[in-house]
1. So if I take the centroid of the Cα atoms in the range 37-57 and the same for the range 84-137, what is the distance between those two points in Å?
2. Lysines within cross-link reach of Lys66: Cα-Cα under 19 Å, excluding same-chain residues under 8 positions apart?
3. Which order do the peptides 114-124, 30-40 come out in when sorted by mean C-beta neighbours inside 10 angstrom, highest first?
4. With point charges of +1 on the Cβ of Lys and Arg and -1 on the Cβ of Asp and Glu, referenced to the Cα centre of the chain, which listed residue (Gly58, His81, Thr111) lies farthest in the positive direction of the dipole?
5. In nm, give the distance between the simple-model label positions of Ala33 and Glu17, each being 7 Å from the Cα along the Cα-to-Cβ direction.
6. If you stretched the chain out fully between Arg79 and Lys55, how much longer would it get, using 0.36 nm times the residue separation minus the C-alpha to C-alpha distance?
7. Ranked from highest to lowest mean number of other Cβ atoms within 10 Å per residue, what is the order of the peptides 88-99, 42-53?
8. So, with +1 on the Cβ of K and R and -1 on the Cβ of D and E, and no other charges, what is the size of the charge dipole of the range 15-70 about its Cα centre, to the nearest 20 debye?
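What follows draws every value from the coordinates through simple rules; no lab data is involved. Being a predicted model, the structure only gives us computed values, none of them experimental. Note that we place each Cβ from the backbone using ideal geometry, even for glycine, and neighbour counts take in every protein chain shown.
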Amino acid sequence: MDHYTTQLVKESFDLVEPIAPRAAELFYANLFALDPSLQSLFKSDMVAQGEKLMKMIGVAVSLLDKPQVLIPALQGLGRRHADYGVRDEHYDMVGTALLTTLQQGTGVAFTPDVREAWIEVYGVISRTMKEAARVPA
Ligand code: HEM
């Protein structure tokens, strides 16, 4: 992943962070519109869940240039997600919901380059999580 990609992702996430609660709300609305059955996977309070999601995306974005720290954290997250009942195909829906949310949250700043950068970053995050879910710890 090149420096330009990580820079674009960091800059656009900076725009979303101040509106993180709203972005989290939009994200779940987008996700459950794509597949209402996913709601049943979430057992806890959605406000708290939204905060955790935004915080973890923030952590991942800030660690993009420190893969030796990021990769093990994502592997643990991926294994826990398998226990929550999350399957491979759910990652595509979460990716789509995330891109829609970022577009809604950043408006004109969500240029085609920014979109491509997020697709690359989400691809790395989701592949790492999915692969870790497949192998025993
Ligand atoms: C970029 C990818 C993702 C990130 C960063 C992320 C982040 C998180 C975090 C930080 C938690 C809190 C619990 C923990 O740390 O283990 C969590 C829980 C959870 N996530 Fe994710 N997640 C991602 C993808 C997904 C996907 C694809 C699904 C499938 C719909 C999903 C569904 C859930 C569920 C069901 C929980 C547990 C909620 C509960 O306790 O009720 N996540 N996620």
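1. Centre-to-centre (Cα) distance: 15 Å.
2. Lys10, Lys55
3. Final packing ranking: 114-124, 30-40.
4. Going by the Cα projections, it comes out as His81.
5. 2.7 nm
6. 6.8 nm is the gain from fully extending Arg79 to Lys55.
7. 88-99, 42-53
8. It comes to approximately 120 debye.
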